[in-house]
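Quick notes on the structure that follows.
Any read-out appearing in this document is the output of simple, stated calculations on the displayed coordinates, not a laboratory observation. Predicted, not measured: the structure shown is a model, and the values here were computed from it. Cβ: placed from backbone, ideal geometry, glycine included. Neighbour counts: every protein chain shown.
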Amino acid sequence: MNDKNKLLRKLPKIDFVLDNLEHKNDDVPLSIRKAAVRETIEEFRQQILSGLCTELPRTQKEWDALFNEVIDKKNSPNLQRVINGTGVVIHTNLGRSLLGRQTMSALQNAASHYTNLEFDLSTGKRGSRYSLVEDIICDLTGAEAALVVNNNAAAVLLSLNTLSYKKETIVSRGQLVEIGGSFRIPDVMSRSGAEMVEVGATNRTHLFDYENVIHEETGLLLKVHTSNFRVIGFTSEVPIHDLVTLGNKHGIPVMEDLGSGSLIDLSPWGLPKEPTVQDIVAAGTDVVTFSGDKLLGGPQAGLIVGKKEIIARIKKNPMNRALRIDKFTLASLESVLRDYYDMNHALESIPTLSMLTAHPDTIKKKGHRVIRRLGGAQKIKACIGLQKTVSRVGGGAMPEHGLDSWALSLQPGATGASAFEKWFRGLEIPLIVRIEDNKMLIDLRTILEDDIPILVQILTQFMDKRQDA
Ligand SMILES: *Cc1c(COP(=O)(O)O)cnc(C)c1O
């Protein structure tokens, strides 16, 4: 008998393991324990067969430790809270925007009670879910009509499909971008059934480029915010005003995919000057699309605003039903939108906005508070400091834009920064840090008030661990 067969025969039997396993959590459902044990043994079997495993755990204790680890993992939620120490405010991989307290209570209310989601309380008849937010969106953006769908990708797909199905959409070559997470303008365009007509050069497109290709098959003039991509140097884009004038002249609708779509000009807080949604609507654009969870600071959603007649056509598209927004999103979106009736209130109560506009001094003070709770500068001076850093806006219109900030900087000692970075990621509440110059940086801009006690615990463990090393 060869070695592989010998090892395979020594693998424990599932029933034996389950009967004899010493596990602290007897309340873990049997189905989970069973699946975990089966998967662990199967993993060993595969590794033996492929020659990667040449030795098995020796004692029952060692086996049990392995099984229990897999059982615990299988029994805990996959979607976990993490602490964002990266300083990237709209971090797509960490869930983009957070909801404030009042919005959470609106969400909770809608989730645990019946609502008038599609019920008109004044007539007692069927209502429309979109009417719950349409007036508010129109108030805030100045648009004639509005519609909300699952996300901005859906908003673009639905608008293109409605306005340009089997017709041509003219778009500048410089705007055929891919936005992370597999959203590519040319691909979305082809799936929408619109035919893409590219004009201009990568760096420069002029109004005559559009005008030259307009004919009876043209359905739409499209402008796309290039978001995470920038052409610098000898460049030119056609302003939305001019596209609108051209569209009006030929009776062709004009659409802009704004991506982030801010309702507030954030340049007074050091962010780039970007036209707001209101500006684009005021330019006479027929359709404007933007995300709910980027600069707006709400839940995942795609907002479509524009001219009444055009939005009415989009609403009637049967595809709309497949892309529709759910009641949790509607409840939280309405609450976030209402915050915008008072801009100062919005800046305070919408976490994305309050983090983006936080003053560096306030961020630094947060760092001092953490240090004080760690026992003061004296105690930590060897391994934790406070230093200047640069946060990033993240997802959407200005991803690389830097904001002056402050970070806790952790000296890894002999253990090394990447070993600690991994250890932080594996904690019960994982902490995501940045490594810079062989130090771990925790940017305090994205550290929330209720992260602080946990961060203090983690850093205390970190200091102990460093001393052990
Ligand atoms: C982010 C973005 C999208 C995709 O929006 P989602 O809400 O993530 O679906 C589309 N277009 C632009 C220009 C974007 O910036």
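As an exercise, identify the GluC sites (Glu not before Pro) in region 212-315 lying in DSSP coil whose Cβ has no more than 11 other Cβ atoms within 10 Å.
For GluC sites (Glu not before Pro) across region 212-315 that sit outside H, G, I, E and B with at most 11 neighbouring Cβ atoms in 10 Å, the list reads 216.
Enter the Cα centre distance for the pair region 90-169 and region 51-65, rounded to the nearest angstrom.
Spelled out, the Cα-based centre of one part sits 53 Å from the other.
For a test of the definition: using alpha carbon positions, the gyration tensor, and the 1.5 limit on a/c, classify region 3-74 as rounded, prolate or oblate. Walk me through the intermediate numbers first.
Numbers: a/c = 2.21, a/b = 1.92, b/c = 1.15.
Cα axes put region 3-74 in the prolate bin.
Less than 17 Å apart at the alpha-carbon level, and either on another chain or at least 8 residues along: which lysines does that give for residue 308?
Filter leaves 316.
Taking the number of other C-beta atoms within 10 Å as the exposure measure, put 420, 183, 328 in order starting with the fewest.
On the way: 420 22, 183 18, 328 14.
Placing the least packed residue first, the sequence is 328, 183, 420.
What FRET efficiency comes out for the pair residue 113/residue 321, r = Cβ-Cβ distance, R0 = 35 Å, nearest 0.05?
That pair, residue 113 with residue 321, gives E of 0.90.
For region 3-74, what is the charge dipole size about the Cα centre, in debye to the nearest 20, if Lys and Arg each add +1 at the Cβ and Asp and Glu each add -1 at the Cβ?
Its charge dipole is roughly 320 debye.
Which pairs break 29 Å Cα to Cα here: 73/327; 125/294; 6/34?
73/327; 125/294
Could you list the trypsin sites (Lys or Arg not before Pro) in region 339-404 that lie in coil according to DSSP, counting only those with at most 16 other Cβ atoms within 10 Å of their Cβ?
Answer in residue order: 381.
Specify whether the C-alpha gyration tensor of the chain places it in the rounded, prolate or oblate class, a ≥ b ≥ c being the square roots of the eigenvalues: rounded for a/c under 1.5, otherwise prolate if a/b is larger than b/c and oblate if not.
Prolate.
Cα centroid distance between region 299-373 and region 1-41, in Å?
Region 299-373 and region 1-41 have Cα centres separated by 48 Å.
Within a 10 angstrom radius of the beta carbon, how do 107, 117 rank from fewest other beta carbons to most?
Exposure proxy ranking, most exposed first: 117, 107.
Sequence neighbours fewer than 8 away in the same chain don't count; with that in mind, list the lysines whose C-alpha is under 27 Å from residue 439.
Within reach: 364, 365, 366, 379, 381, 388, 422, 465.
Classify region 139-260 as rounded, prolate or oblate, taking a ≥ b ≥ c as the square roots of the eigenvalues of its Cα gyration tensor: rounded when a/c is under 1.5, otherwise prolate if a/b is larger than b/c and oblate if not.
Note, shape of region 139-260 comes out rounded.
Given points 7 Å out from each Cα along the Cα-Cβ axis, report the residue 101 to residue 11 separation in nanometres with one decimal.
5.4
What share of the DSSP beta bridges in region 100-349 is antiparallel, in percent to the nearest 5?
In region 100-349, approximately 45 percent of DSSP beta bridges are antiparallel ones.
Where the only charges are on Cβ atoms (+1 Lys, Arg; -1 Asp, Glu), what is the dipole of region 177-233 about its Cα centre, to the nearest 20 debye?
360
Find how many whole Å separate the alpha carbon centroid of region 216-252 from the alpha carbon centroid of region 451-469.
53
How would you rank 257, 64, 3, going from fewest to most other Cβ atoms within 10 Å of each one's own Cβ?
On the way: 257 29, 64 17, 3 10.
With the fewest neighbours first, 257, 64, 3 line up as 3, 64, 257.
Roughly what % of DSSP beta bridges within the chain run antiparallel, to the nearest 5?
Bridges in the chain are about 60 percent antiparallel.
For residue 218, enumerate residues with amide H under 5 Å from its amide H, sequence gap 5+ or separate chain, H modeled in the peptide plane.
168
Calculate for the chain the 222 nm mean residue ellipticity that helices alone would give, adding -39,500 (n - 2.57) per DSSP H run of length 4 or more and normalising by residue count, nearest 500 deg cm²/dmol.
Numbers: 20 runs with 202 residues, N = 469.
Result for the chain, helices only: -12500 deg cm²/dmol.
Restrict the search to region 383-469; then list the GluC sites (Glu not before Pro) that DSSP places in a loop and that have at most 12 other Cβ atoms within 10 Å of their Cβ.
Answer by residue number: 400, 428.
Under a Cβ-Cβ cut-off of 14 Å, what is the net charge of the residues other than residue 167 that fall near it, where Lys and Arg count +1 and Asp and Glu count -1? Walk me through the numbers on the way to the answer.
Values: positive: 166, 313; negative: 168, 195, 216, 217.
Net of charged neighbours comes to -2.
Once you keep just the Cα pairs under 8 angstrom separated by 6 or more residues, what percentage relative contact order results for the chain?
18
Net charge around residue 115, counting only other residues with Cβ within less than 12 Å of its Cβ (Lys, Arg = +1; Asp, Glu = -1)?
Net charge in that neighbourhood comes out at -1.
Using only alpha carbon pairs under 8 Å that are at least six residues apart, calculate the relative contact order of region 3-74 and give it in whole percent.
That works out to 44 percent.
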